[in-house]
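Note sheet for the following structure.
The values are calculated or read from the model by the stated rules, or taken from the named source; none is laboratory data. These numbers come from a predicted model, not from an experiment. Glycine also receives a Cβ, built like all others from the backbone with ideal geometry; neighbour counts cover every protein chain displayed. Ligands, DNA and RNA are stripped out before the accessible areas are found, and what is left, the full protein with its side chains, is counted by its heavy atoms. Shrake-Rupley method; radii C 1.70, N 1.55, O 1.52, S 1.80 Å.
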Amino acid sequence: MPVQVVEGVGLHYLETGRGAATLCLIHGAGGNTLAWIRQLEGLADMARVVALDLPGHGESAGDGSRQIEDYARIVSGFIRAAGLGKVVLGGHSMGGGIAQTVALENPALCAGLVLVGTGARLRVLPRIFELLASDYAEGCAFITALGFGAAASQALKDGATVAMLGTRPDVAIGDFMACDAFDVMDRVGAICLPALAICGEDDQLTPPKYAEFLAAKIPGARLLLVEQAGHFVQLEQPEIVNAGIRDFLEHSIG
Ligand code: COA
């Protein structure tokens, strides 16, 4: 089980593949590396693909944070400590907020951005906080129910719920607090990196409007809206998402 120590905390990660580009992938609130399982499998023939568990998540040690900036600092530390070189930084949902923050604070670490089911501002429904605090399992089920499109299988939804149930409630609630406070809508235009924004057309947690905003504000950014997919678009329509990332790596990353 590969582990990289960052700021004294052992961070677990999964790694596949090899290629000219290194794709470093960050999961969303309450999640873990398994959010990227289809990209770890499906892109290994053309890139080095690394997905990490943030502190307090999955098999990583430590505690979570209530601030995207803390996670961004840790991801920057991970990229340096693991000797990944310049990475194409991919993030899902909260992970996308972290990726945008790394791109703004430490652009030299990044060759590009893949922003999946995310936005430059990530306000959270009060109902999510109420349920996570009063009945964690019900809160996880509520998020999963909102998070998948109508075409998603029950197995896929169950997998996401199980992943979130495996995260400590205080860590997941802290993640959603971090999302709620996140807002780089005024700054995201300063990102000077090739970027690809991907969003499911039926995403209710970070609707297509958020990805359209990213694509409009980040100079030269591409937009991929995916039919029959919700917030977990990379799990729901992996072939389409992987084809989009593949094309981006081949044509936009030098
Ligand atoms: N990109 C582009 N536009 C955005 C945006 C983003 N990332 N975030 C917000 N906006 C827009 C909204 O669409 C809205 O536009 P409008 O006035 O034309 O309708 C405006 O900015 C203000 O929206 P918001 O900051 O979200 O506040 P709100 O009080 O209107 O709504 C919520 C608050 C929580 C109801 C709403 O943000 C929401 O439904 N969020 C999605 C559900 C959720 O909990 N997601 C979890 C994300 S981790």
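For G10, the residues whose modelled amide H falls within less than 5 Å of its own, excluding neighbours fewer than 5 places apart on the same chain, are A61. Amide H contacts under 5 Å for L223: A197, restricted to partners 5 or more places along the chain or on a different chain, H placed in the peptide plane at 1.01 Å from N. Rounded to the nearest whole Hz, the Karplus-based 3J(HN,Hα) values (6.51 cos²θ - 1.76 cosθ + 1.60, θ = phi - 60°) of segment 184-190 follow the sequence 10, 4, 7, 10, 5, x, 7, with x at glycine and proline.
Rounded to the nearest 20 debye, what is the charge dipole size of segment 1-89 about its Cα centre when +1 sits on each Lys and Arg Cβ and -1 on each Asp and Glu Cβ?
Rounded to the nearest 20 debye, it is 280 debye.
When nucleic acids and ligands are ignored and a 1.4 Å probe is applied, T33 ends up with an accessible area of around 10 Å².
Express the accessible area of the chain per residue in Å², computed with a 1.4 Å probe while the remaining protein chains stay in the model. It amounts to 40 Å² per residue over the chain. Using the Karplus relation 6.51 cos²θ - 1.76 cosθ + 1.60 with θ = phi - 60°, the per-residue 3J(HN,Hα) values for segment 13-20 come to 8, 10, 9, 9, x, 7, x, 5 Hz, with x marking Gly and Pro.
The HN-Hα couplings worked out from phi for segment 121-132 by the Karplus form 6.51 cos²θ - 1.76 cosθ + 1.60 (θ = phi - 60°) are 9, 10, 4, 10, 4, x, 4, 5, 5, 4, 5, 4 Hz, whole numbers, x standing for Gly and Pro.
For segment 3-252, give the percent of accessible area contributed by carbon and sulfur heavy atoms, probe 1.4 Å, rounded to a whole number.
That share works out to 52 percent.
Taken along the Cα-to-beta-carbon direction at a fixed 7 Å, the label points for V5 and A108 span 2.5 nm. Pairs of C-alpha atoms in segment 68-222 farther apart than 22 Å represent 43 percent of all such pairs. Counting Lys and Arg as +1 and Asp and Glu as -1 over every other residue whose Cβ lies under 12 Å from the Cβ of G56, the net charge comes to -4.
Helical runs (DSSP H, four residues minimum) scored at -39500 (n - 2.57) apiece and divided by the length of the chain put the mean residue ellipticity at 222 nm at -12500 deg cm²/dmol. Placing pseudo-labels 7 Å out from each Cα toward the beta carbon at A150 and D63 gives an inter-label distance of 4.5 nm. Under 5 Å between amide hydrogens, built in the peptide plane, is the criterion, and for R121 it picks out V184 among residues at least 5 positions away or on other chains.
State the volume of the convex hull built on the alpha-carbon positions of segment 1-110, expressed per residue in Å³ and rounded to an integer.
Working: hull volume 9.2 nm³, N = 110.
Measuring per residue, one finds 84 Å³ for the Cα hull of segment 1-110.
A Förster radius of 30 Å, combined with the Cβ-Cβ distance separating A190 from D158, puts the computed FRET efficiency at roughly 0.15. With viscosity set to 1.002 mPa s and temperature to 20 °C, compute the Stokes-Einstein D of segment 186-254, Rh being the Kirkwood radius across alpha carbon pairs; µm²/s, no decimals. Answer, rounded: 174 µm²/s.
In this structure F176 has an accessible area near 20 Å², from a 1.4 Å probe over the protein heavy atoms.
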